[in-house]
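Read through the structure below, which is laid out as structure tokens, and then see the notes.
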Amino acid sequence: MYETIREGKASIRIKKVSKISKEMDVFYNPVMELNRDITILLLQQFSPMNLCDPLAASGIRSIRFSKELKYKSIAINDVDEKAVKSIKNSLKLNKINNFATMNKPLKKLNNTIKNNNKISIHNEDANLFLLNSKGFDYIDVDPFGTSNSYLEAAIKRISRNGILAVTNTDTAALTGTYPKACVRKYWSSNKKNYLMHETGLRILIRKIQLIGMQYEKALFPVFSYFKNHYFRIFFQCIKGKRLCNEIALEHGMFNGAGPLWMGSLFDSRLVNRMYASLLKNYNDKNDNTRNSIENNTIINKKLNNSQNNNELLKFLKIIKDESKINAVGFYDIHDIAKKRKLKIIMRKEELIKKIKKKGFKAANTHFLGTGIRSDIPYDNFLTLLRE
Ligand SMILES: C[S@@+](CC[C@H](N)C(=O)[O-])C[C@H]1O[C@@H](n2cnc3c(N)ncnc32)[C@H](O)[C@@H]1O
């Protein structure tokens, strides 16, 4: 049985399943809607790009790109024939007819674009597809598990100042559950403690940067996070040896974990812009929903979108505040209170206020509900917690 799923401005038809797994006929994970929402919000902050979705599955990401973004071109690829068939059907379902199906030589891609087919569909191995292409301003590496197999080709084909997006779902290796796998796959070690998601993200960033450095491409994270079961990083790629050397200087150990990236996880100005545009959309949409309620014409989709926007808004607000604090790691009130045998735990908001009163920066962190990111030294933090 097939069902129609609506996400953002796109619809897709996929087989109904009782469990999300990579054994699905064509893969679609509704939990990743937020991942795709953030991607679109981020790309909206840049001028139109040549976009590439090399592991497209149902094609939902690219269909949303075509409906929600200004773009120069979109190349959609998957090695699985069933996925490609489903992408074509979904494009038609969304009334997108200006696409071209590419049967191998990729060189034709440019002709296709000249012929006004700004969207092209490919059925190849992602690495071959990328390496045979002339490159893209945006490449979205979204595989099952580790991104390792696709990094070389994606980095080689990302353009100057382009954005490389990477998702990794192999969180056990990156957070220290399998220490040997972390060494093998990420040339680093993690510690299993409350910081493991942040250190895992930083370990992954360093690994990807090292590959970039081989090609004199400096990869700076402009928006990176951990959520549910995955790590996600958007890098801006800047060409040059000097910047690569600067990146290497920011690789180090933290709290017994590493080597890892000790630099910033976000470009706070970009995060501010993303938050502002989301807030604007959200207010506009809520006005519409309010009007619809008044006219008794509520459509489920509108309500669903508002719920998703709520989650996204909350998440982005935390990241916006967090991105202004230049500190690696954070403090977990519960963990510290337990270790120090402190019975009374101050409310987190109160503690944040107290830290700020002392002249330090402090904010929530998206990594942990009981965490505080701050530049306050540990001893001063402890004194405040004891008060
Ligand atoms: C996690 S899914 C992608 C999800 C999709 N990006 C989205 O947002 O819904 C991974 C996809 O990669 C495809 N895939 C696996 N190995 C591949 C390869 N070597 N080349 C191209 N595609 C591949 C699978 O068929 C699957 O559809």
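What follows is calculated from the coordinates using simple rules that are stated; it is not laboratory data. Keep in mind that this is a model prediction, so the values were computed, not measured. No Cβ is skipped: glycine too gets one built from the backbone with ideal geometry, and neighbour counts run over all protein chains shown.
Taking the chain as a Gaussian network, where each spring joins two C-alpha atoms under 10 Å apart, which residue of LYS358, LYS314, LYS324 fluctuates the most?
Maximum fluctuation in the GNM of the chain, among the listed residues, is at LYS358.
Can you give me the long-range amide H partners of ASN77? Hydrogens built in the peptide plane at 1.01 Å from N, cutoff under 5 Å, separation of 5 or more residues or another chain.
The list, which skips near neighbours in sequence, is ASP53, LEU55, ALA56, HIS122.
In whole angstrom, how far apart do the alpha carbon centroids of the stretch 321-335 and the stretch 198-259 sit?
Answer, in whole Å: 19.
Would you work out if the stretch 22-174 is rounded, prolate or oblate? Take a ≥ b ≥ c from the square roots of the eigenvalues of the alpha-carbon gyration tensor; rounded if a/c is under 1.5, else prolate when a/b is larger than b/c, oblate otherwise. Could the numbers behind the result be given before it?
Numbers: a/c = 1.27, a/b = 1.19, b/c = 1.07.
Here the stretch 22-174 falls in the rounded category.
Let me spell out the model: positive unit charges on the Cβ of Lys and Arg, negative unit charges on the Cβ of Asp and Glu, origin at the Cα centre of the chain. What dipole size does that give, in debye rounded to 20?
Details: 67 positive and 36 negative charges, 74 e Å.
The dipole magnitude comes to about 360 debye.
Taking only Cα atoms and a 10 Å spring cutoff, compute GNM fluctuations for the chain and point out the largest among LYS354, LYS180, LYS95.
Looking only at LYS354, LYS180, LYS95, the biggest GNM fluctuation is shown by LYS95.
Which angle from 0 to 90°, rounded to the nearest 10, does the C-alpha axis of helix 148-157 make with the longest principal axis of the chain?
In the chain, helix 148-157 runs at an angle near 70 degrees to the longest axis.
Could you name the lysines in cross-link range of LYS356, using Cα to Cα under 19 Å and dropping any fewer than eight places away on the same chain?
Answer for LYS356, where 19 Å is the Cα cut-off: LYS317, LYS320, LYS324, LYS348, listed by chain and number.
Please report how far the C-alpha centroid of the stretch 1-27 lies from that of the stretch 336-355, rounded to the nearest whole angstrom.
Spelled out, the Cα-based centre of one part sits 44 Å from the other.
Kindly write out, for the stretch 10-15 in residue order, the coupling ³J(HN,Hα) from the Karplus curve 6.51 cos²θ - 1.76 cosθ + 1.60 (θ = phi - 60°), rounded to whole Hz, with x marking Gly and Pro.
Couplings: 10, 10, 9, 10, 9, 5 Hz.
Considering only Cα-Cα distances, which of the following residue pairs are longer than 18 Å: LYS19/LYS185; LYS180/LYS338; LYS22/LYS82; LYS85/LYS134? Before the final figure, lay out the partial values.
Values: LYS19/LYS185 28 Å; LYS180/LYS338 30 Å; LYS22/LYS82 13 Å; LYS85/LYS134 25 Å.
Going by Cα-Cα distance, LYS19/LYS185; LYS180/LYS338; LYS85/LYS134 fall outside the 18 Å limit.
Return the calculated 222 nm mean residue ellipticity for the chain, to the nearest 500 deg cm²/dmol, obtained by summing -39500 (n - 2.57) across DSSP H runs with n ≥ 4 and dividing by the residue count.
-13500 deg cm²/dmol
On a C-alpha basis, how far is the centre of the stretch 130-180 from the centre of the stretch 66-95 in Å? Whole number, if you could?
Rounded to whole Å, the Cα centres lie 20 Å apart.
Would you pull out the residues with amide H under 5 Å of ILE376's amide H, same chain only if 5 or more places away, H placed 1.01 Å from N?
LYS361
Return the aspartates and glutamates within reach of LYS70: Cα separation strictly under 19 angstrom, same-chain partners fewer than 8 residues apart disregarded; answer none if there are no such residues.
Counting by Cα, and skipping residues close in sequence, LYS70 has these aspartates and glutamates nearby: GLU7, ASP37, ASP53, ASP137, ASP140.
Show me, for the stretch 270-277, the HN-Hα J-couplings you get by feeding each phi into the Karplus relation (A = 6.51, B = -1.76, C = 1.60, θ = phi - 60°), rounded to Hz, glycine and proline as x.
My calculation for the stretch 270-277 gives 5, 4, 4, 5, 4, 5, 4, 6 Hz in order.
How large is ³J(HN,Hα), in whole Hz, for each residue of the stretch 252-264 in order, when computed from phi with the Karplus curve 6.51 cos²θ - 1.76 cosθ + 1.60 and θ = phi - 60°, using x for Gly and Pro?
Along the stretch 252-264, the couplings run x, 9, 9, 6, x, 10, x, x, 8, 7, 9, x, 6 Hz.
Could you pull out every residue, at least 5 positions away or on a different chain, whose amide H is within less than 5 Å of the one on ILE14? Hs are placed 1.01 Å off N in the peptide plane, and Pro or chain starts have none.
Amide H neighbours of ILE14: GLU3, ILE5.
Just to be sure I understand: with springs between alpha-carbon atoms less than 10 Å apart, which residue in GLU33, GLU246, GLU68 has the highest mean-square fluctuation in the Gaussian network model of the chain?
Answer for the Gaussian network model of the chain: GLU246.
With the cut-off at 22 Å, tell me which of the pairs LYS67/LYS88; LYS285/LYS314; LYS72/LYS156; LYS192/LYS217; LYS314/LYS361 have Cα atoms farther apart than that.
Correct reply: LYS192/LYS217.
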